[in-house]
1. Kirkwood Rh, Cα Rg: Rg to Rh for the protein assembly as shown?
2. Taking the Cα centre of the protein assembly as shown as origin and charging only Cβ (+1 Lys, Arg; -1 Asp, Glu), how large is the dipole, in debye to the nearest 20?
3. Put +1 on the Cβ of every Lys and Arg and -1 on every Asp and Glu Cβ in the range B:4-123; which of B:Thr54, B:Trp14, B:Gly105 then has its Cα farthest towards the positive end of the dipole?
4. Counting only other chains, and only Cβ atoms inside 10 Å, what mean value do you get across the residues of A:205-215?
5. Under the convention of a label 7 Å out along Cα→Cβ, give the distances in nm from D:Asp58 to the same position in every other copy, shortest first.
6. Pairs of alpha-carbon atoms within less than 8 angstrom and 6+ residues apart define the contacts here; what relative contact order does chain B have, in percent?
7. Mind ordering C:23-36, C:47-60 by average Cβ neighbours within 10 Å, highest first?
8. Karplus couplings for the range D:221-234 from phi (6.51 cos²θ - 1.76 cosθ + 1.60, θ = phi - 60°), rounded to Hz, Gly and Pro as x?
4 protein chains.
Amino acid sequence: MRRIGLAVIGAGYWGPNLVRNAQATPELRLEYLCDLDVARARQVLGDYSTVRATASLDEVLEDPAVQAVAIATPAATHLKVATAALEAGKHVLVEKPLAANLAEGRQLVETAEQRGLVLMLDHTYCYTPAVRELRRIVRGGELGDVQYLDSVRINLGLVQRDVDVLWDLAPHDLSVFDAILPAGLEPVAVAAHGSDPIGAGRACVAHLSIELTGGVLAHVHVNWLSPTKIRTMVVGGSAKTVVWDDLNPSQRLSVYDRGVDHQREQAIVSYRIGDMVAPALREQEALRAVMAEFAESITQRRAPLTDGRSGLRVLALLEAASRSLTENGAFVAVRQEIAA
Amino acid sequence: MRRIGLAVIGAGYWGPNLVRNAQATPELRLEYLCDLDVARARQVLGDYSTVRATASLDEVLEDPAVQAVAIATPAATHLKVATAALEAGKHVLVEKPLAANLAEGRQLVETAEQRGLVLMLDHTYCYTPAVRELRRIVRGGELGDVQYLDSVRINLGLVQRDVDVLWDLAPHDLSVFDAILPAGLEPVAVAAHGSDPIGAGRACVAHLSIELTGGVLAHVHVNWLSPTKIRTMVVGGSAKTVVWDDLNPSQRLSVYDRGVDHQREQAIVSYRIGDMVAPALREQEALRAVMAEFAESITQRRAPLTDGRSGLRVLALLEAASRSLTENGAFVAVRQEIAA
Amino acid sequence: MRRIGLAVIGAGYWGPNLVRNAQATPELRLEYLCDLDVARARQVLGDYSTVRATASLDEVLEDPAVQAVAIATPAATHLKVATAALEAGKHVLVEKPLAANLAEGRQLVETAEQRGLVLMLDHTYCYTPAVRELRRIVRGGELGDVQYLDSVRINLGLVQRDVDVLWDLAPHDLSVFDAILPAGLEPVAVAAHGSDPIGAGRACVAHLSIELTGGVLAHVHVNWLSPTKIRTMVVGGSAKTVVWDDLNPSQRLSVYDRGVDHQREQAIVSYRIGDMVAPALREQEALRAVMAEFAESITQRRAPLTDGRSGLRVLALLEAASRSLTENGAFVAVRQEIAA
Amino acid sequence: MRRIGLAVIGAGYWGPNLVRNAQATPELRLEYLCDLDVARARQVLGDYSTVRATASLDEVLEDPAVQAVAIATPAATHLKVATAALEAGKHVLVEKPLAANLAEGRQLVETAEQRGLVLMLDHTYCYTPAVRELRRIVRGGELGDVQYLDSVRINLGLVQRDVDVLWDLAPHDLSVFDAILPAGLEPVAVAAHGSDPIGAGRACVAHLSIELTGGVLAHVHVNWLSPTKIRTMVVGGSAKTVVWDDLNPSQRLSVYDRGVDHQREQAIVSYRIGDMVAPALREQEALRAVMAEFAESITQRRAPLTDGRSGLRVLALLEAASRSLTENGAFVAVRQEIAA
């Protein structure tokens, strides 16, 4: 097997995780860790590594040993860095969000498509065994009709300097929604409420209400100020309801055969109280699966599960949410980012 | 001690709890259980009771042995039943919500005030040891400035025929907010989003965003369709944050000395990770304390903790929320229900 | 339907629960609450009851309206009280343990059998929906071969004056073992370790190791001094393993399709990691089911699920455990309490 | 700063963790990973490492760049490997248990002491922030008199081929007991009960009752067959009680101001129900602290926290427990491993 030469760009918060997982992926050959602060890059690599540290993106992009890059720099730089990589003929894996705004995201997708290169989003959660099983249950129909979604992602988090809590945390929830929802169930409009009780200059607590096709309501609560950590998503359906608790390693998914049925004609409401099943899930680091998917999509010349368009759909939601924040919480229509 | 003669009106879902707790309150003497369905009233009393069952409200209100009534009939009947009781000179304890709408609620408050009678709301949760301690922490200043509130009340609930999930469940959260928030921190406007995924004809899932004085955001999530039961309220403050988990009997309150501080001048964000304290709380049935407060407010001729005006403030929020639901989630100003 | 006339004897800790549940059982007609302290009995009945309070056991036993008694007096008095009741021709429901020792227990069983009267143990936990389902899974074979049992029952408990923690708490665990274990799997010997770290004069912490047929090990940990409350039983089997957590109302039973298999011939150990199922269970007060079973066994002239002999088997274990405590933890053979 | 040259011996289950943490410790310079299966060693190091893999222990021990070794080979080989290392003048960090039996352990301690070399046990849990705080609370007197200890360590574990569940898992609990118990409170005797329900040829479930000075009872439950994972230790004291739940990252330690007091003279039992405090703990990988302590004890020429003698005390308990297993659970006196 020929390994795909990879460079990781960015040695900040997430970069070290990319480095570690790239090294553990047999299909990849890690060539560089690149950061403007080359001392930081060296520190991340440690004293025992054969991987090269560099401050020069040009050096990386000119090296024919590099076929692909994984970008973990701030969102504001994604357009520039990813465009340079794509123009140098490199496949690109990029941190969420795809870009600082929808227009820039579209540019990246177009560039990648024109050149026939893989552009993949590191929507990490989509690669957890829990979300893959959740996707199977929801898309596969076992859940029945989707009735509501509710996602809570709160903890004492780093107050970011460049983005608010929506842009920092909600991409996780929105990308999972994007991955699990069946075709035909799409965001129509979004309303956002936020507050900045510590005077940070941007929302630290936010609530998103997303109207999906047919009036289905999805809600996201993100919060940097909570002393307790919660990572829970509920997907309610007409046949089953699934609770995903990412902080409960012994029972991440609970599939309830419980619900409320309503027969409109007879005006009868009935309650179903059946068993709960917690499916067995492999323990696997999601980022390992991200790396494997990146490598495979390059080798097989196919779109990855979380391709550039999934990144655009998340950006479209974030932009609409930001506009709602400035419009006192009014529902804002979501631009449909459909086919190429 | 002279006992206060009491009649319970309504033998439906909540009435039996009022009967049981009234019988256990030494300051009260239960005289009647009154329900249009007298057989139902007899069944609630059981085969071993000396308490009288009756279908006649008149009989109850004409009996001079009755000084007070506890009303557990549907909200739509509160105006009529409570007015009759007040006009007959009886003190009134009434189930939440106070009335079917704000105008009716105001009528009741006026009638009670004109006649110098106690009008008390059965905002049961306000009488739990947990909420009393929460009130002490928030009002007493230990929490610092309130930064945000978040309440979740979801489970597989009875889909009511007469009210939506907001009017059914949110009064609990709103009455607790009302009881714990310090003077000067009041609801300014409310936005509500809801959905009815089972076609019940009214919202079964709803989210409330309440803007309080100074831009503080409070959020309430109520849901009849969730297979899991959650009853959690977080009150975030500049000094402490409290989590109230009503379903964790061994640790209902957790007081975290954790938070995020921001010094605007130096643009410094600092994180405080201190201990968590779970205060010891008595185990006490809240409804017992409701009964004791009702009796004491009658004896001492004083307003109870949850007086008619607290009921009006909750009604004002519910009405504004309902209007927001019909106005596509726009923020609707909350009528201030202040002085007499 | 003719109701069975019942008297409750003993108005202490447990008596009020018997009174409440007897009143709610249509097949029973509660006639008396009898306690030497008649004021206490009156207080338990409250101000609104038509049930008679009395201090005279003779009065109760001489009353032909009484066909059955439920005894909730201290264990030391069970022989005397229950014998008097049986000799007066009354059916008997008796609190655990059946009697103060095995010899007295045998006397009671013999008396009841000679007179053809029901003698039933109030082994309350055996009547919970969780234990009934556990019994079905274990006895019905779904669990496979029983590999081990482990029960933990610890909390800050009342330090009893007359009995140690073994006699106070372990009857619950032992009676459940008795109810669920399949025929042929019986206690052979028991070793007990205890300690009295507060100088109470009797063991406040104790561990029981019970050797069952074929070397299967069952363990019980009981403790009056623990600040946290735990009520968990694990029954490990070759096909399934069940965890019963009595303090988790939303998931009392968890049935794991997980385990370790060993094929002796090939010396292969294999691990099975399958799904977990939490069966739907009705919420029902166990004591209500106890009353129903008592009434039904009287009417149908049959032995109840927890008959006198089940009480003897528990007593035999407790006696052997007490002897082990005095013999420095040595295994003591358990007397087999088999056929009549 | 001169770094201490280190070699890791053994690339099996635990070796990779030693490699990773040694590389992250600034005071150490990892020179070799040594394993008879050099391919396995290479695989552990991965494709990007400058650390040398070797199958030759001699090569490692003859290299003057190596001043210390960390041994993660099977217990049966500890005597041989560690003796060779000590005789070559290397400091030794060794996996628990210290050796295959007490006699071999003593030999190692003597060899190290004669040569003035550090011999340290990798009792990893003793270096967690939770156990360090637990130690402070217990040894520092805040807990009052120790009343009982109870440790549960159960999960679906690897059925080891060379040792039973006691020797595999209980060293963790016993080494923590050793680290936290105050001077003067020592194991006197131990009784062990075990069973092998899958026919593995050794105990897979075991219970240890340890009698400490003054009759205090400590209990350990270890189990390879449990489908659920529990890692809980309770240390009950006259003033406080601490619960350590290693699987609850948000609240590993809970310090309860609850308990039962007994005044012998007046025969009064009183109950104290105070607050619970969950102290803030740093999140730190324990093995990092192990490495730091190893390096510091070498540099400062002092005994480490978990020195060879702590390893002997654990071995003495394990040997006595094994003898108890063969003597049908009788209490076996624990050899006091005191002064040098």
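1. 0.98
2. Roughly 0 debye, rounded to the nearest 20.
3. B:Trp14
4. Across the residues of A:205-215, the mean count of other-chain Cβ atoms within 10 Å is 4.
5. Spelled out, the distances from D:Asp58's label point are 5.5, 10.0, 11.4 nm.
6. Relative contact order here is 18 percent.
7. Descending packing order for the listed peptides: C:23-36, C:47-60.
8. Karplus values, whole Hz, x for Gly and Pro: 10, 10, 7, 8, 10, 7, x, 9, 9, 10, 9, 10, 10, 10.
None of the figures in this text is laboratory data; all of them are computed from the coordinates on show. Computed from a predicted structure; not experimentally measured. Here the Cβ is made from the backbone with ideal geometry for all residues, glycine too, and neighbour counts use every protein chain on show.
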